[in-house]
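Visitor: What follows is a single structure, and I will ask about it in a moment.
The values are calculated or read from the model by the stated rules, or taken from the named source; none is laboratory data. Owing to the predicted nature of the structure, the values given are computational and were not obtained by experimental measurement. No Cβ is skipped: glycine too gets one built from the backbone with ideal geometry, and neighbour counts run over all protein chains shown. Note: accessible area is taken over every heavy atom of the protein model, side chains too, but ligands, DNA and RNA are not part of it. Shrake-Rupley method; radii C 1.70, N 1.55, O 1.52, S 1.80 Å.
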Amino acid sequence: MLIVPEREISNLMTRDAAFEAVEKAFAAMASEDAYNFPVIREAIGHEDALYGFKGGFDRAGLTLGLKAGGYWPHNLEKRGEINHQSTVFLFDPDTGKAKAMVGGNLLTALRTAAASSVSIKHLARKDAKVLGMIGAGHQATFQLRAALETHRFKKVIGWNFHPDMLPNIEKVANEAGVPFEAVDLPSMRDADVIISITSAFAPSLMADHVSPGTHVACMGTDTKGKQEVEAALLARASVFTDEVAQSISIGEAQHAIAEGLIKESDVAQLGAVINGTHKGRASDDEITLFDGTGVGLQDLAVAASVVDLAVAKGIAIEVDF
Ligand code: NAD
């Protein structure tokens with residue numbers, strides 16, 4: 001069995017490799033070559049932790065496995081460890097034998113950033129110039145970096161519930177040589193693409209804050225009850241997602257579905273656009289919305305990619321298991 005420790009991931013995994021792995025995983029899901037297993041997420045009654053498993057099987061890429069991990073809210077203050085902890089386990093689909101164990105923390109951030117970037121590539125207008133960011137926490141910096149590498153934006157505008165955090169994303173924009181401006185929410189009307197990545201349980205972005213032709217990537221809502229955008233926005237938009245079952249139950253679409261504003265059949269897979277079986281954006285005036293809920297196959301895809309890179313560089317640790 002091969003081990004790729006967390007400490008090696010930053011030297012191995014590139015944003016390009018993450019983008020390619022996630023794009024392929026979404027495509028395989030839409031062509032039914034790959035599927036996700038039901039997600040398990042438990043409050044374990046210890047350290048206030050939420051722990052669970054996200055797994056799946058990609059018959060096309062022959063990737064089988066799961067990500068185990070979750071959220072330990074006291075890690076940082078008590079032990080100086082980060083609160084989100086995860087590990088990916090890959091298995092040989094021919095034999096069931098354990099194949100690899102891979103640190104999953106940085107990979108989770110990279111695969112999430114890759115998802116909104118893949119949506120931008122396939123759904124945003126090609127002439128998009130202004131990127132709007134809603135959120136300025138840990139994950140926002142990853143989403144922004146990846147988006148700026150995917151599309152040549154001329155300006156970044158940002159809003160955050162906690163304005164003191166905005167320098168986190170201003171720094172990323174500056175590093176990429178793109179001007180940044182802090183704005184209020186109605187000014188998101190100036191954006192051609194908007195990424196929301198917050199832990200909010202009530203909408204910030206309202207339907208009338210979004211101009212025709214905008215692509216919105218909603219990345220923060222991955223649990224029942226969370227919400228970043230007004231449900232009416234989904235009724236106005238063409239809605240795409242990584243996985244429809246997650247979108248309507250734990251994603252942003254849960255609210256529009258509950259309010260009867262859209263139906264399950266209104267939510268399309270981004271993978272179908274990648275495969276060319278869905279036309280994607282239909283006009284320059286259409287609002288497209290990607291509901292990125294985060295699926296196990298994304299984790300497996302980036303983990304398999306990093307194992308290949310580790311083997312090629314002679315970094316993977318081989319153990320007799
Ligand atoms: P973080 O704690 O570093 O940042 C949280 C962000 O949410 C900050 O910008 C904060 O100001 C904002 N926020 C907090 N309360 C808010 C409120 N009431 N209204 C509006 N904004 C509010 O967290 P993070 O690591 O950046 O993660 C952000 C979110 O992304 C979390 O909800 C996390 O679960 C989710 N996430 C989703 C995926 C996925 O695949 N879809 C993957 C990783 C993380």
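Visitor: What is the angle, in °, between the Cα long axis of helix 15-30 and the longest principal axis of the Cα atoms in the chain? Nearest 10 is fine, range 0 to 90.
Guide: The angle comes out at about 90 degrees.
Visitor: Round to the nearest 10 and give me the degree value, 0 to 90, for the angle of helix 138-150's Cα axis relative to the longest principal axis of the chain.
Guide: The two axes meet at around 80 degrees.
Visitor: Enter the Cα centre distance for the pair the range 125-204 and the range 1-80, rounded to the nearest angstrom.
Guide: So the two Cα centres are separated by 25 Å.
Visitor: Mind checking the dipole of the range 77-176: about its Cα centre, +1 per Lys or Arg Cβ, -1 per Asp or Glu Cβ, Debye to the nearest 20?
Guide: So the magnitude is around 380 debye.
Visitor: Please list the non-local residues whose amide H lies under 5 Å from the amide H of Thr63, H modeled 1.01 Å from N, same-chain partners needing a gap of 5 or more.
Guide: Asp58
Visitor: Taking amide H positions as placed in the peptide plane 1.01 Å from N, state which residues far from Lys129 in sequence (5 or more) or on other chains have amide H under 5 Å from it.
Guide: Excluding prolines and chain starts, which carry no amide H, the hits are Asp192.
Visitor: Can I ask one more? By how many degrees, between 0 and 90 and to the nearest 10, does the Cα long axis of helix 105-123 differ from the longest principal axis of the chain?
Guide: 40 degrees
Visitor: What is the log10 of I(q)/I(0) for the range 1-143, computed with the Debye formula using one identical point scatterer on each Cα and no solvent, at q = 0.11 Å⁻¹?
Guide: Taken in order of the listed q values, log10 I(q)/I(0) reads -0.50.
Visitor: To continue, here is another question. Cross-link partners among lysines for Lys224, C-alpha distance below 23 Å, same-chain residues fewer than 8 apart left out?
Guide: Partners within reach: Lys54, Lys67, Lys263.
Visitor: Any idea how far apart Arg189 and Phe37 come out in nm if each label point goes 7 Å out from Cα toward Cβ?
Guide: Those two pseudo-labels are separated by 4.9 nm.
Visitor: Run the dipole for the chain about the Cα centre, Lys and Arg Cβ at +1, Asp and Glu Cβ at -1, nothing else charged, and hand back the magnitude in debye, nearest 20.
Guide: Its charge dipole is roughly 380 debye.
Visitor: Okay, moving on. Would you work out the charge dipole size for the range 1-60 about its Cα centre, treating the Cβ of every Lys and Arg as +1 and the Cβ of every Asp and Glu as -1, and quote it to the nearest 20 debye?
Guide: The calculated dipole for the range 1-60 is roughly 60 debye.
Visitor: For the peptides 21-33, 290-302, 97-109, what is the packing order when you average, over each peptide's residues, the other Cβ atoms within 10 Å and list the highest mean first?
Guide: The most tightly packed comes first, giving 290-302, 21-33, 97-109.
Visitor: Please give, to one decimal in nm, the separation of the simple spin-label points placed at Lys126 and His46, each 7 Å out from Cα toward the Cβ.
Guide: 5.5 nm
Visitor: Continuing with this model, one more query. Please report the antiparallel percentage of the DSSP beta bridges confined to the chain, to the nearest 5.
Guide: DSSP beta bridges in the chain are roughly 50 percent antiparallel.
Visitor: At a Förster distance of 41 Å, what's the computed FRET efficiency of Asn83 paired with Ser265, Cβ-Cβ distance as r, to 0.05?
Guide: 0.65
Visitor: A follow-up question, please. Please report, as a whole percent, how much of the solvent-accessible surface of the range 167-303 comes from carbon and sulfur atoms (probe radius 1.4 Å).
Guide: 49 percent
Visitor: Highest first, please rank the peptides 161-167, 222-228, 10-16, 306-312 by the mean number of other Cβ atoms sitting within 10 Å of their residues.
Guide: 306-312, 222-228, 10-16, 161-167
Visitor: Could you tell me the ratio Rg/Rh of the chain? Both radii from Cα atoms, Rh via Kirkwood.
Guide: Ratio value, two decimals: 0.96.
Visitor: Right, another one. Short version: ³J(HN,Hα) in whole Hz for each residue of the range 182-196, in order, from phi by Karplus 6.51 cos²θ - 1.76 cosθ + 1.60 (θ = phi - 60°), x for Gly and Pro, what are they?
Guide: Residue by residue, the range 182-196 yields 7, 9, 8, 4, x, 6, 4, 4, 7, 8, 8, 9, 10, 10, 10 Hz.
Visitor: Can you give the accessible area per residue of the range 184-317, in Å², using a 1.4 Å probe?
Guide: Result: 36 Å² of accessible area for each residue.
Visitor: Moving on to the next point. For the range 83-113 and the range 271-321, compute the distance between their C-alpha centroids and round to whole Å.
Guide: 13 Å
Visitor: Also, I was wondering about something else. Full-extension gain between Asn174 and Thr277, please, as 0.36 nm times their residue separation minus the C-alpha to C-alpha distance.
Guide: Gain in length upon complete extension: 33.3 nm.
Visitor: Next question, about the same structure. How large is the helix-only mean residue ellipticity at 222 nm for the chain, computed as the sum of -39500 (n - 2.57) over DSSP H runs with n ≥ 4, divided by its residue count, in deg cm²/dmol to the nearest 500?
Guide: Rounded to the nearest 500, it is -10000 deg cm²/dmol.
Visitor: What distance in nm separates the simple spin-label points at Met165 and Asp284, each placed 7 Å from Cα in the Cβ direction?
Guide: In this crude label model, Met165 to Asp284 measures out at 3.6 nm.
Visitor: Further question on the same structure: Mind listing the Cα extents of the range 117-294 along all three principal axes, in Å, largest one first?
Guide: Principal axes ranked by extent give 41, 33, 26 Å for the Cα atoms.
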